[in-house]
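To keep things clear, I will list the structure first and then write my remarks on it.
The values are calculated or read from the model by the stated rules, or taken from the named source; none is laboratory data. The shown structure was predicted, so the numbers you read here are calculated from the model rather than taken from an experiment. Neighbour counts run over all protein chains shown; Cβ positions are idealised from the backbone, glycine included.
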Amino acid sequence: MDLLSLFSRNTMNWEVLMAKIVVYSKVGCSLCVEALDEVERVRREIPFDLEEVDVEDDPALLQKYGHLIPVVELDGRVIFEYFVDAVQLRTYLKEVNS
């Protein structure tokens, strides 16, 4: 990947485009806590944007993901349900960043 594909023009500044991980979870979900902990450990090694979304705040998300949480997306694509495999997450992130 060339340098231009890593940057986007934003007025007068250049921003590095980073992978984005979204973790769909809900309060009281022990699997969600474990998944977020695993994602954060990987994030210390490989930087990426992280967003946690509580599916109980959105009826559509609750219906879509309620029985699958935690659900982890990388750049809009579901990569994990129920658990996070740190080795596989690193592989996915390296593929996105290459």
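The selection criterion, being in a helix (DSSP H, G or I), at pLDDT below 95 and either surrounded by fewer than 18 Cβ atoms within 10 Å (Cβ to Cβ) or more than 12 Å from the chain's Cα centre (by Cα) (or both), does not hold for residue 64. Would it be correct to say that residue 95 is among the charged types (D, E, K, R) and at pLDDT below 95? It is true that residue 95 is among the charged types (D, E, K, R) and at pLDDT below 95.
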